[in-house]
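Notes follow the structure.
The values are calculated or read from the model by the stated rules, or taken from the named source; none is laboratory data. Please read all numbers here as calculations on a predicted model, not as lab measurements. Cβ coordinates were reconstructed from backbone atoms using ideal geometry, including for glycine residues, and neighbour counts include every protein chain displayed.
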Amino acid sequence: MNNIEAKKYIRKWLDIMQETGVISESGGCLSCRIGNKMIFSSINSKSISRDPDSMTVVDLADFKPGKASQLPDSYNIHAAIYRAKSNVNAIIHSVQINTLTSSKAGHVIYPMLDDIAQLIGTSIYTVDIDTSSAGKAGKKVLKALKWRSAVLLEGNGGLCLGNNFDDAHAVSQVLEKACKCEIETTFMGGGHRINPFLAFAMRCHYILSYSKEAEKNR
Amino acid sequence: MDIKTAKKIVCEAGLNLSQKGLVPRTWGNISQRIDKNRFVITPSGRNYNDITPDDIVLMDIHDLSYEGSVKPSSEKRLHAEVLRNRKNVNAVIHTHQTHASTVAAAKCVIPVTDREVQNKIGTSINCTPNAIPGSKKLARLIAMALDNNNAALIANHGTFCAGENMDDAFEVAILLEKICLKFIEDSFLNHTGRHAPFDIKEMHEYYLTHYSKR
């Protein structure tokens, strides 16, 4: 896939994400890795730009945090994730209603449903990136993402990682469900968390076996 | 029912389930009884958008042996248990629908008082205790939670919906989602002493004001 095709690919997913409410007119963005480059759907304060020319292409090998100062802050974080995690090729910054509220509340979210443990991991952390330099923010996010595929950014929604946009979209749906459970079970006397050891076993089983089933089971 | 028709019904139900947003991607599974000894079920790990009737797996209801090289859903045991115990049930849908899953995370039981809903679902929506997904224990617990009703919640997991045919099971799944949404809304209103109508923004503001860590 060349840069032009990749930008069209992002544009297609921008439409899908907006239709499904994962990103909105005022927030959220996407990025993907193409070879050793990252393509980032740039944003402005009012609306997500769909113009392929406004998308930024960055060489991940040369990238130094803070070098591109005119870009949104989260740009550095996306790049840091691609550099550190070779299996991640797509990132969605989700701003769905429950995800956004949980990112403002600041709690660590523990899985209450087994698909959350499988797809995301044993917990979902909220990271404060506003007060950090670009380099520190990237490190904080990477630490929170260890063995996990989603992280909440304080007051700013969540990042969902995947091997491709389809995977990242599934993570965004499950992140929204995790946050919904955390919020709404509060009014039902509290939710019941999955035992952490069982959650870890579910995560390992998903990564090592179930996620490959779609290809193998034909 | 013949095998070909049953596989087509399950395949179409999978697409329908995905389109209605009751299951994202590969989660959830569907089965259809053929006769007292056999049923068909969706394959393991496959996306509903790319399965064909040939991918649907024919299984023995008693020993869980299956035909062909495609592996059946890992929840096959749960479907078989319900089909064995409930002779009037011919179609079973297991979903991870969002509102019902949220109630399942709180392990709440929902009493059904509406006569029309009772006719479709039964007198109560019970929730199972915890058990490992796909295990014999969970299969037994689901059969117990279902009892003579057509819907049950699986703790920390999702839902199980049954029907005389696939259309009925579908109707139960959709109705269950509506009942669970109403239960969530009522829980918020009761918890806060507020009056209807429910407003989701109000709930989120209340949560942030009273339960935020910051």
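Table for the structure above
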read-out: Verdict on residue B:73 being in contact (Cβ under 8 Å) with a residue 24 or more places away in the chain and buried (at least 23 other Cβ atoms within 10 Å of the Cβ); value: yes
read-out: Enumeration of residues in the range A:133-153 that are in contact with a helix residue (DSSP H, G or I) (Cβ under 6 Å, 6 or more places away or on another chain) and either within 11 Å of another protein chain (Cβ to nearest Cβ) or surrounded by fewer than 19 Cβ atoms within 10 Å (Cβ to Cβ) (or both); value: A:142
read-out: Qualifying positions in the range B:67-119 - of a type in the set (Lys, Arg), out of contact with any strand residue (DSSP E or B) (no Cβ under 9 Å at 6 or more places or on another chain) and farther than 21 Å from residue B:23 by Cα; value: B:84, B:87, B:115
read-out: Every residue from the range B:1-41 that is of a type in the set (Val, Ile, Thr), within 11 Å of another protein chain (Cβ to nearest Cβ) and without any contact (Cβ under 8 Å) to a residue 60 or more places away in the chain; value: B:26
read-out: Per-region count, the range B:168-208, residues of a type in the set (Ser, Thr, Tyr) and at pLDDT below 95; value: 1
read-out: Subset of the range A:155-167 [surrounded by fewer than 17 Cβ atoms within 10 Å (Cβ to Cβ) and in contact with a strand residue (DSSP E or B) (Cβ under 6 Å, 6 or more places away or on another chain)]; value: A:164
read-out: In the range B:79-127, the residues that are of a type in the set (Val, Ile, Thr), within 14 Å of chain A (Cβ to nearest Cβ) and within 23 Å of residue B:44 (Cα to Cα); value: B:95, B:98
read-out: Residues of the range B:187-214 that turn out to be of a type in the set (A, V, I, L, M, F, W, C), over 11 Å from residue A:104 (Cα atoms) and within 9 Å of chain A (Cβ to nearest Cβ), as a count; value: 4
read-out: Residue count for the range B:128-158, restricted to those that are away from every other protein chain (no Cβ under 14 Å) and farther than 15 Å from residue B:180 by Cα; value: 12
read-out: Residues satisfying the stated conditions in the range A:155-172, i.e. within 11 Å of chain B (Cβ to nearest Cβ) and either in contact with a Gly (Cβ under 6 Å, 6 or more places away or on another chain) or touching a residue at least 24 places away in the same chain (Cβ under 8 Å) (or both); value: A:155, A:167, A:169, A:170, A:171, A:172
read-out: Any helices (runs of 4 or more DSSP H) falling wholly within the range B:119-214 and containing at least 1 residues that are of a type in the set (Asp, Glu) and over 30 Å from residue B:8 (Cα atoms); value: B:166-192, B:200-211
read-out: Helices (runs of 4 or more DSSP H) contained in the range A:118-218 and holding at least 1 residues over 17 Å from the mean Cα position of the chain (by Cα) and more than 30 Å from residue B:109 (Cα to Cα); value: A:134-144, A:196-208, A:213-216
read-out: Scope the range B:132-152; condition in contact (Cβ under 8 Å) with a residue 24 or more places away in the chain and either of a type in the set (Gly, Ala, Ser) or at positive phi (or both); matching residues; value: B:134, B:135, B:139, B:143, B:147, B:151, B:152
